[in-house]
1. Would you list B:L216, A:L316 from fewest to most Cβ contacts within 10 Å?
2. Once the Cα atoms of helix A:276-285 and of chain A are each reduced to a long axis, what angle between those two axes, in degrees from 0 to 90 to the nearest 10, is obtained?
3. How shielded is A:237-249 by partner chains, expressed as the average number of their Cβ atoms within 10 Å of its Cβ atoms?
4. Only counting other Cβ atoms within 10 Å, I'd like A:K257, B:K140 sorted with the fewest neighbours first.
5. In whole Å, what is the distance between the alpha-carbon centres of segment B:172-200 and segment B:231-270?
6. Helix A:217-226 versus the longest principal axis of chain A: what is the Cα-based angle in degrees, 0 to 90, to the nearest 10?
7. Say R0 is 25 Å: what FRET efficiency, to the nearest 0.05, do A:N341 and A:K210 get from their beta-carbon distance?
8. For segment B:165-181, in order, what is each residue's ³J(HN,Hα) by Karplus, 6.51 cos²θ - 1.76 cosθ + 1.60 with θ = phi - 60°, in whole Hz (x at glycine and Pro)?
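Taken together, the values in this text are just the output of simple stated rules run on the coordinates, not laboratory data. Model, not experiment: these values are computed from the prediction. Positions of Cβ are generated from backbone atoms using ideal geometry, with glycine treated the same way; all protein chains shown enter the neighbour counts.
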Amino acid sequence: MQRRTFIKTLSYLGVVSALPFLSAQSFAAPSKAISVDDLPELTGELTLYLGRGEGGLYEDVLNAIKKRNPNFTLRIRRGPTAALANTIMAEAKAGVRQADLFWAVDSGAIGQIVGAGLAQKLPNDLTEQLQSEFRFNDWAPISGRIRTLPYNPTRVTADKVPDDIMALPDSDLSIAWAPAYASFQSFITAMRILEGDDATTKWLKAMNKKAKKYAGELGVVMAVERGEVDVGLANHYYTLRLKSGKPDANLDLAFTKNDAGCLVNASGILALKQSKTATDFMRYLLSKEVQTYLSGEAYEIPLAGQLPPPSGIPSLTEISPPAIDLTKLADLRPTLVLMRNAGVL
Amino acid sequence: MKLGSKNIQKLLTSLVLIAGFTAFQTVANGDVGEHVNHLSDNIKKYEEEVNWLTSKVDGIVTTYQKSGAKAAHPEALMEHWEAVDFHAAIETNYVLIYASIWQGLYAVKGSIDEKSSIADVKAEEAKLNKALWQALGAVKMAAKYQDAGLLAQVKTTEEAPKNSIEALVVIDEKIHSVVAKYAEQLIDTATTMVHDTYLNLFEGVEGELIAIDANLVEDLEKDFNVTLPLAIKNNKSVDEVRDIVTAMSTKLSKAKMLLENKEKNKKDVF
């Protein structure tokens, strides 16, 4: 029998937390989450480039910050994360910096800006609020999402879901995936970094022979729930959201161990100009209230302080994500070339 | 035109009821022209254009009756339509009728190409004329809204919706534009619009929506990925494609209502 690493969600969570094979990783305890009540008032003006995502939840956060700080003006430019990253690069090349801050929905776009040396260094007391795996000199992750294997328990038992992502194509399971989806491509980038291009190409080709393709990862999770396939590849929150709208959904979550299949990716923010207001603005995003809000409303994983994950997902100490520098996920071009060569895109 | 408060109230009510009135940000057929932001100043010109168009259509039909399909040059119908400013005025303000005009143009052309009886051709001409005059009426009403400051300026660049509710409004506009493009027989454009609307807009909404009503999301997923693209691919009639879009529009309205209710009950960040 395959050694399994699964966490059944929701009702089983309490049991799973006690299981011995779910050993804690190196997520050292961050400092306690700071309440907005203890943060300085924001004054002056900032321009934020905001990557699209999470419906209006980021907007809710920004509106709340504005309302709380009447002497603060926030100008926002909205757009797809990748497009805004390219704009920032182009503006820098032209010798102008329009944005003070860049809030991106994925760390790959952050990595692009950091790699170009455009991000400002952050103070230690800010980064220390984050869990140790998520401390970076020049950007702050805001909230996380875990790569998972959603499966249909009426079609497959948990012990049949491999805990090794590289073994998935060799299993007897029918699989759903969304290779055109940005999160999937970040996951393949992580696989390239961890396993190498040859192994990743082999994996993609094997998967391509048996996996059913969907446009997005919510579609993947819905296909699993409908029983079109046994298992899928998707970010964790799609399963939690579907279970919220359909509590009796035939859906559970499995996790691989120490590989790209369990990658914890993050949205994040960076400052393009050195400014106290910009730094303080970031502190608001890492506050207990904002972290709790994003967790409760968007099912994202809080990364600052010692806050619990959304209901239905294990804490980061209970899973085994790979050790990987998230900013390296910016290197998307070779991933796309590799996927095209493998006939996946 | 000066509007009393009662009239403004009526217009506001109508604006809610007539969901088709929306300020489109871009149109597919080249430059929109600044005239669309000054509808009242251009109503006379639009009226002249509609008269000119109906006379051109009638000329083509009369030639067909006298000299046959080849002499009628029915392909000129589209050229005449694309030549007038009224084209952009209706596309930016009421895409539902815009689609009907294209449907009518192709119906007249098709009936001539197929050498249908003159009675059938005239029946299609009558439907086209009706759509053109309806369109003029719609633009006149839009002009009133515009004068009352109730229509947003037509923009040449798109702004990203700020939240799922705004995104649903844009999605509804886009799928009605799909009918228009399909009626224009721009099949690839229509297919791409369905795909892009799903991936760039609906995909961002459904994650939030599924937590409220999973079955509704499932229905719309099928509409976007199977029902609508398949109808286009299989060359279904414009009316059949419109029926699918109308059904989707109803589901989108329900989705909007659900999200608005959720918004009311949403807890504060701080």
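1. Starting with the residue having the fewest Cβ neighbours, the order is B:L216, A:L316.
2. The angle comes out near 30 degrees.
3. 4
4. Starting with the residue having the fewest Cβ neighbours, the order is B:K140, A:K257.
5. That distance is 15 Å.
6. Roughly 30 degrees between the two axes.
7. 0.85
8. 5, 4, 4, 5, 4, 5, 4, 4, 4, 5, 5, 5, 5, 4, 4, 4, 5
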